[in-house]
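Here's the structure, in structure tokens; my notes come after.
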Amino acid sequence: MSGSESSLYERLGGVYAISAVIDHFSDQLLKNEKVVNANPYLKEWHTQEFKVRLPGLKFLRTLWACSVTGGPFQYAGRPLGEAHLNFRIPPEVFDEVAEELERSLKHFHVPERERSEVLAAFNANKSGVTAGSILPTLKK
Ligand code: HEM
């Protein structure tokens with residue numbers, strides 16, 4: 001590409017490399033007790049619902065990542081605020097998930113510049129994704 005900078009999507013290695021990171025990150029989250037045990041909603045998802053929803057979640061997370069990094073894909077899932085509202089995700093759990101993502105990027109030797117760009121795109125959604133944390137917890 002003469003004269004123009006390649007997209008983050010291209011610098012990450014495209015859909016296969018991004019899928020590998022999302023696959024690893026999503027599996028690691030299931031073992032992260034700070035996330036699994038954060039509240040009853042996240043507990044139920046990570047111990048029960050994941051059994052039928054994890055492959056679809058990996059697909060949608062990969063689609064989101066391929067879209068937001070400038071790849072030739074359009075994210076067509078639900079808006080992130082809506083998708084996460086009922087999980088009542090506290091800001092500190094969001095930060096833990098961001099750290100898990102950083103560990104997965106390092107696991108695949110993604111360079112520092114690209115790691116920080118991916119994390120910036122993730123963190124840009126913090127207020128929307130954690131908006132439900134002010135809702136009361138109704139489950140036991
Ligand atoms: C910028 C940050 C985040 C991004 C880009 C993201 C991405 C996504 C996407 C694309 C979906 C599918 C949405 C749909 O149903 O169409 C989703 C759902 C989900 N996210 Fe996130 N997420 C983020 C933060 C988090 C955090 C911090 C958690 C905490 C554990 C989390 C847990 C979940 C869970 C459990 C689902 C499954 C919902 C279902 O079964 O339908 N996400 N996320």
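Some observations on this one:
- For the chain, the spread of Cα positions along the three principal axes, ordered from largest to smallest, is 58, 26, 24 Å.
- Nearest-20 debye value, the chain charge dipole, Cβ charges on Lys, Arg, Asp, Glu: 480 debye
- Highest mobility in the GNM of the chain, judged by mean-square fluctuation with C-alpha springs under 10 Å and restricted to Tyr75, Tyr41, Tyr16, is found for Tyr16.
- Choice from Val52, Val68, Val36 showing the highest fluctuation, given a GNM over the chain with Cα pairs closer than 10 Å: Val52
- Part-to-part distance (alpha-carbon centres) for the stretch 95-140 and the stretch 48-69, which is given in Å: 14 Å
Values in this text are rule-based calculations from the coordinates and carry no lab data. Computed from a prediction, not measured in an experiment: that's the story for all the values here. Neighbour counts run over all protein chains shown; Cβ positions are idealised from the backbone, glycine included.
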